[in-house]
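Trainee: I'd like to ask some things about the structure below.
The values are calculated or read from the model by the stated rules, or taken from the named source; none is laboratory data. The shown structure was predicted, so the numbers you read here are calculated from the model rather than taken from an experiment. Note: ideal-geometry Cβ built from the backbone for every residue, glycine included; neighbour counts use all protein chains shown. Remember, those area values only see protein heavy atoms, side chains included, never the ligands or the DNA or RNA. Shrake-Rupley method; radii C 1.70, N 1.55, O 1.52, S 1.80 Å.
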Amino acid sequence: MTQSNSKQDLLTYTVRLGDDAIILGHRLSEWVSYGPFLEEDIALGNVSLDFIGHAQMYYTYAATLSNEVGDKKAEDDFAYLRDEREFQNHIIHELPRGDFAYSVVKQLLIDLYNKHYIEELKSSNDETLSAIAAKAAKEVTYHCRRSKEWTLRLGDGTEESHLKMQRALDDLWGYTHEIFEQDELELRLVAQGIAVDSASLKDKWFDDVKAIIEQATLKLPTSEWAVRGGRAGYHTENLGHLLTEMQFVHRSFPGAKW
Amino acid sequence: MQSGNTMNIIPSKPHAQYEREQYRRNSGIPELWALLDQVKDPEIPVLSLWDIGILKDVIQQGNVVKVIITPTYSGCPAMDIITEDIQGVMDDHGIEKCLVTMQLSPAWTTDWMTEKGRNQLRNYGIAPPNDVVNGEGQELNEDTQVLCPHCGSHDTRMVSEFGSTACKSLFQCNSCEEPFDLFKHI
């Protein structure tokens with residue numbers, strides 16, 4: 001493989017990681033001023049900002065890489081000037097915020113995934129990705145703690161909170177399969193020691209999820225449906241709506257400064 | 001009122017802090033480091049970039065000065081303002097070209113915060129990370145007690161692990177009833 005193809009792979013992979021983070025970060029930010037109580041509102045805003053910060057680090061690196069392959073994109077171009085088919089985030093990140101139980105379960109599944117994913121990315125052969133992971137890992141630790149506490153409290157809470165948590169888990173389960181699947185591009189990068197071999201994380205993730213779900217008196221879903229396609233640019237209708245909100249100002253007032 | 005609690009702490013200097021100080025001392029351009037001491041964290045304007053541990057390095061190459069900083073939290077919105085402030089101070093002192101670079105690795109830790117910075121935080125009404133009663137770096141939970149920066153009491157309760165900025169948790173003192181922030185260990 002030529003060096004420039006290999007760099008193009010790395011660029012695409014970096015943008016994908018940025019896409020996961022920005023879409024989830026934006027989704028979480030929608031809770032601001034709608035949180036169940038003030039402290040929780042602030043906490044959701046904090047966590048949202050962490051993900052947007054991760055996205056910024058990935059996109060900044062992507063901009064550097066794109067200059068090297070002659071594409072000359074800036075970090076904002078990745079966030080604000082691409083359409084939904086160009087985003088390659090895993091679908092679970094774009095799902096609507098739903099009710100609070102839905103957001104809590106979604107975060108639990110994603111935070112526990114990130115716990116293992118980011119830990120592996122720390123030992124990537126790519127120095128910058130490794131540095132971003134080392135930075136993000138500290139935040140992932142308290143994200144996991146938070147999601148676990150809420151899952152236990154609501155799962156093992158009232159009849160209604162239990163019901164809502166179980167329903168959220170059943171509705172989200174089918175979106176967790178694709179986060180452990182890789183296309184040719186990621187496999188090429190795994191072989192070079194750059195990308196994380198996400199398939200190898202599934203058992204550890206499953207054990208973590210299972211332990212918390214059971215402690216929260218919830219049941220692991222047994223249904224077999226699965227939704228796939230995020231990494232190939234196939235999305236649910238939710239992403240388009242999210243991008244409309246997120247990109248509006250940047251597209252309406254190009255080059256605006258304040 | 002200061003109770004006796006804060007007096008019982010014997011300060012010990014973390015190794016990372018000692019290394020930072022040695023590095024600065026041996027850099028050979030003390031005037032540039034001193035100049036950068038004028039730049040404060042925009043969110044906590046008593047703390048200089050050095051004291052909070054954001055400032056990593058200053059390098060002079062001819063008439064170009066390179067300043068290397070590291071973000072506290074990934075999404076810290078203050079980094080852009082900090083970059084502008086650094087360039088402003090340099091410009092005011094006749095340094096025409098100043099490049100500010102962000103370095104992610106090694107990741108920032110509160111261990112780099114200086115003793116002076118910790119005292120300044122406390123005086124400003126924010127408990128520094130070492131004022132957690134059962135030890136700096138312990139996981140925060142509902143039993144965590146922190147010395148109140150207002151009255152020194154350790155009879156406090158955590159209101160929320162998350163506060164007004166990513167780096168702080170919200171507490172309230174049961175003695176003087178004042179709310180206060182804890183600068184979290186990370």
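Trainee: Taking the options A:41, A:126, name whichever one is out of contact with any helix residue (DSSP H, G or I) (no Cβ under 9 Å at 6 or more places or on another chain) and within 14 Å of chain B (Cβ to nearest Cβ).
Mentor: A:41
Trainee: Within segment A:34-53, track down each residue that is surrounded by fewer than 18 Cβ atoms within 10 Å (Cβ to Cβ) and among the hydrophobic types (A, V, I, L, M, F, W, C).
Mentor: Those that are surrounded by fewer than 18 Cβ atoms within 10 Å (Cβ to Cβ) and among the hydrophobic types (A, V, I, L, M, F, W, C): A:37, A:38.
Trainee: Another one. Those residues that are among the small types (Gly, Ala, Ser) and in contact with an Asp or Glu (Cβ under 7 Å, 6 or more places away or on another chain), I need them from segment A:207-222; list them, please.
Mentor: Listed by number, the list holds a single entry, A:216.
Trainee: Let me ask something else about it. Mind checking which residues of segment A:20-38 are touching a helix residue (DSSP H, G or I) at 6+ places or on another chain (Cβ under 6 Å), within 12 Å of chain B (Cβ to nearest Cβ) and not in a helix (DSSP H, G or I)?
Mentor: The one that is touching a helix residue (DSSP H, G or I) at 6+ places or on another chain (Cβ under 6 Å), within 12 Å of chain B (Cβ to nearest Cβ) and not in a helix (DSSP H, G or I): A:35.
Trainee: Across segment B:145-182, which residue is nearest to residue A:37 (Cα to Cα) among those that are away from chain A (no Cβ under 14 Å) and under 17 Å from the mean Cα position of the chain (by Cα)?
Mentor: Among residues in segment B:145-182 that are away from chain A (no Cβ under 14 Å) and under 17 Å from the mean Cα position of the chain (by Cα), the one nearest to residue A:37 (Cα to Cα) is B:180.
Trainee: Looking at (1) within 14 Å of chain A (Cβ to nearest Cβ); (2) assigned to a loop (DSSP other than H, G, I, E, B), which one does residue B:68 not meet, given that it meets all the others?
Mentor: Here residue B:68 meets the rest and fails (2).
Trainee: I'd like to verify a number: residues in segment A:236-258 that are β-branched (Val, Ile, Thr), open to solvent by less than 50 Å² (accessible area, probe 1.4 Å) and out of contact with any Asp or Glu (no Cβ under 7 Å at 6 or more places or on another chain), how many?
Mentor: 0
Trainee: Here is a further query. Under 6 Å between Cβ atoms, which residue pairs at least 6 apart in sequence (or on different chains) link something in segment B:158-179 that is in contact (Cβ under 8 Å) with a residue 60 or more places away in the chain with a partner that is acidic (Asp, Glu) and open to solvent by 50 Å² or more (accessible area, probe 1.4 Å)?
Mentor: B:165/B:43
Trainee: Applying the selection to segment B:34-86, what residues are in contact with a strand residue (DSSP E or B) (Cβ under 8 Å, 6 or more places away or on another chain), open to solvent by less than 10 Å² (accessible area, probe 1.4 Å) and hydroxyl-bearing (Ser, Thr, Tyr)?
Mentor: B:48, B:70, listed by residue number.
Trainee: Exactly one of (1) open to solvent by 50 Å² or more (accessible area, probe 1.4 Å); (2) away from chain B (no Cβ under 14 Å) is unmet by residue A:138. Its number?
Mentor: All conditions pass for residue A:138, except number (2).
Trainee: Kindly evaluate residue B:137 against the criterion of being closer than 30 Å to residue A:133 by Cα and either at pLDDT below 90 or surrounded by fewer than 18 Cβ atoms within 10 Å (Cβ to Cβ) (or both).
Mentor: Yes.
Trainee: Going by what's in this entry, would residue B:89 be described as in contact with a strand residue (DSSP E or B) (Cβ under 9 Å, 6 or more places away or on another chain), more than 14 Å from chain A (Cβ to nearest Cβ) and loosely packed, with under 14 Cβ neighbours inside 10 Å?
Mentor: no
Trainee: For segment B:104-163, what are the residues that are in contact with a Gly (Cβ under 8 Å, 6 or more places away or on another chain) and at positive phi?
Mentor: B:152
Trainee: In addition: Select, from A:8, A:56, the only residue that is surrounded by fewer than 20 Cβ atoms within 10 Å (Cβ to Cβ) and touching a helix residue (DSSP H, G or I) at 6+ places or on another chain (Cβ under 9 Å).
Mentor: Exactly one of A:8, A:56 is surrounded by fewer than 20 Cβ atoms within 10 Å (Cβ to Cβ) and touching a helix residue (DSSP H, G or I) at 6+ places or on another chain (Cβ under 9 Å), namely A:8.
Trainee: Also, quick follow-up: Would you pick out the residues in segment A:44-81 that are hydrophobic (A, V, I, L, M, F, W, C), touching a residue at least 40 places away in the same chain (Cβ under 8 Å), away from chain B (no Cβ under 14 Å) and under 21 Å from residue A:127 (Cα atoms)?
Mentor: Once the filter is applied, which keeps residues that are hydrophobic (A, V, I, L, M, F, W, C), touching a residue at least 40 places away in the same chain (Cβ under 8 Å), away from chain B (no Cβ under 14 Å) and under 21 Å from residue A:127 (Cα atoms), segment A:44-81 yields A:62, A:65, A:69.
Trainee: Across segment A:116-152, what is the total count of residues that are touching a residue at least 60 places away in the same chain (Cβ under 8 Å) and either farther than 27 Å from residue A:196 by Cα or in contact with a strand residue (DSSP E or B) (Cβ under 7 Å, 6 or more places away or on another chain) (or both)?
Mentor: 2
Trainee: If residue B:177 satisfies every condition in (1) in a loop (DSSP other than H, G, I, E, B); (2) of a type outside the set (Val, Ile, Thr); (3) under 28 Å from residue B:18 (Cβ atoms) but one, which is the exception?
Mentor: Status for residue B:177: all satisfied but (3).
Trainee: Which residue, of A:84, A:94, A:119, is within 14 Å of chain B (Cβ to nearest Cβ) and not hydroxyl-bearing (Ser, Thr, Tyr)?
Mentor: A:119
Trainee: Determine whether residue B:101 is open to solvent by less than 20 Å² (accessible area, probe 1.4 Å), under 21 Å from residue A:127 (Cα atoms) and within 14 Å of chain A (Cβ to nearest Cβ).
Mentor: So residue B:101 does not fit the description; no.
Trainee: Scanning segment A:210-235 for residues that are crowded, with 16+ Cβ neighbours inside 10 Å and out of contact with any helix residue (DSSP H, G or I) (no Cβ under 6 Å at 6 or more places or on another chain), which turns out farthest from residue A:144 (Cα to Cα)?
Mentor: Filtering first and then ranking leaves A:231.
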